[in-house]
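The next block holds one structure in the form of structure tokens; read it before the comments.
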Amino acid sequence: MMAGTWYRSRYKAVSIKTETAYGASAAPTFAADLLLVENIALTPIEGQDIERRIDLGRSSYTARHLVGRHVQLAFDVPLSPGAALAEAPSYARLLRACALAETLSPPPAADVGVWYSTIESGLESVTVAARIDGMLQTIVGCRGSARLRMDVPAIPYLSVSLVGLYALPEAGTMVTYPAAPGYVEPTPTSAAATTVTLDGVALAASSIEVDLGGSVQYVETTGQREVRLIDVAPTATVTAELDLVARNFFGSIDAAPVELRLEHVASPEIAIAIRCPAARIGKITLTDVNGASGIQIPMTLSRTPTSPAITLSYRAPTAP
């Protein structure tokens, strides 16, 4: 009996490159565009099942058609800075495809660093070459959304969900131990490296999650296929030890929005910072935080007349 071809499910990789025109393949390669990610989950074909009942007496049967074919892809990216203060991180192309606008501020700018802010139009798109051992699927027109997750102490992550245009998977090759251009090792969160403040009050936080809240949808009409940003509803959740002396946040439920800030010192020269200028506190619940009484604070995030709902920056650490 002849053995058939089989692919190892553990051997996965993604190469990602920004498209110059929507839906036109940017032809990502292993050598130049590989991104080191974790927990790749590929749905190679998704769509809507349509049923037709064919009436043929005793030979009647149901026919099914899969329409609106597209691809879904999710993975986690370790949250790390670029190799230098004014250099974008290796996953910057993902941020721009997830409804964030990029601003580079090299020296001699007053605020040297890289800045990302939430937008609702003008999204970029990427082509993804997704490989599972010997299977290759090139997915064009990818857009999506992301969540920033920081448990303390742990590795911080960016969880990304993409939707792209369907293309037939094909046989491909997997390179062994390829180098990822621009990759920088992440720095674990810790008491010394990570701080969280809400309305100016420092929190003893064990978990922080900021969701960009982008809702992307595959749209198909005559003459066009596209993944569109339909809605944006950013949120945040902070889990911290309960300290009613420092601040009783139960009194801030449904009150005026407050500012949420996070800073994680990823290297002596670079801090990863998140600023949400208008965080409206929702229903607070009690929880356990390493044996201590804790609270989980959900927030909806809004923009202000002068600031976006979320600003993610890679800049010099704040002076103590």
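The values are calculated or read from the model by the stated rules, or taken from the named source; none is laboratory data. Just so it is clear, the structure is predicted and the values come from calculations on it, not from any experiment. Neighbour counts run over all protein chains shown; Cβ positions are idealised from the backbone, glycine included. When the accessible area is computed, the model is the full protein with side chains, heavy atoms only, and any ligands, DNA or RNA have been set aside. Shrake-Rupley method; radii C 1.70, N 1.55, O 1.52, S 1.80 Å.
Go ahead and run the numbers for FRET between GLN217 and ALA192, Cβ-Cβ distance against an R0 of 30 Å, rounding to 0.05.
Result of the calculation: an efficiency of 0.10.
Find the accessible area per residue for the chain; the probe is 1.4 Å, ligands and nucleic acids are left out, and the unit is Å².
51
Suppose we keep just the alpha-carbon trace of region 1-158; what are its Rg and Dmax in angstrom?
20.7, 80
Leaving out ligands, DNA and RNA but keeping every protein chain, what accessible area does SER206 have, in Å² rounded to the nearest 10, with a 1.4 Å probe?
30
In region 44-150, what percent of the accessible surface is made up of carbon and sulfur (1.4 Å probe, ligands and nucleic acids excluded)?
The C+S portion of the solvent-accessible surface of region 44-150 is 49 percent.
Consider just the alpha-carbon atoms of the chain and return their Rg together with their Dmax, both in angstrom.
Considering the chain through its Cα atoms, Rg and Dmax are 22.4, 81 Å.
Give me the percent of accessible area attributable to carbon and sulfur for region 220-310, probe 1.4 angstrom.
Here carbon and sulfur together make up 50 percent of the probe-accessible area.
Calculate for the chain the 222 nm mean residue ellipticity that helices alone would give, adding -39,500 (n - 2.57) per DSSP H run of length 4 or more and normalising by residue count, nearest 500 deg cm²/dmol.
-500 deg cm²/dmol
If you average the C-alpha positions of region 164-241 and of region 271-288 separately, how far apart do those two centres end up, in angstrom?
One Cα centre to the other: 17 Å.
GNM on the chain, C-alpha springs below 10 Å: top fluctuator among THR118, THR300, THR285?
THR285
Under a 10 Å cutoff between Cα atoms, tell me which one of ASP55, ASP33, ASP151 has the largest fluctuation in the Gaussian network model of the chain.
Sorting by GNM fluctuation, first place goes to ASP55.
Let me know the Rg and Dmax you get for region 216-320 when you use only its Cα atoms, in Å.
Both quantities, over Cα of region 216-320: 18.2, 62 Å.
Excluding TYR218 itself, what net charge comes from residues whose Cβ is under 14 Å from its Cβ, given Lys and Arg +1 and Asp and Glu -1?
Surrounding charge for TYR218 is +1.
Within the set of other residues whose C-beta is less than 11 Å from the C-beta of VAL201, count the net charge using Lys and Arg as +1 and Asp and Glu as -1.
-1
7 Å from Cα along Cα→Cβ at both ASP231 and ARG64: what's the point-to-point distance in nm?
2.9
Heavy atoms of the protein only, probe of 1.4 Å, neighbouring chains included. What is the accessible area of TYR183 in Å², nearest 10?
Using a 1.4 Å probe on the heavy atoms, I get roughly 80 Å².
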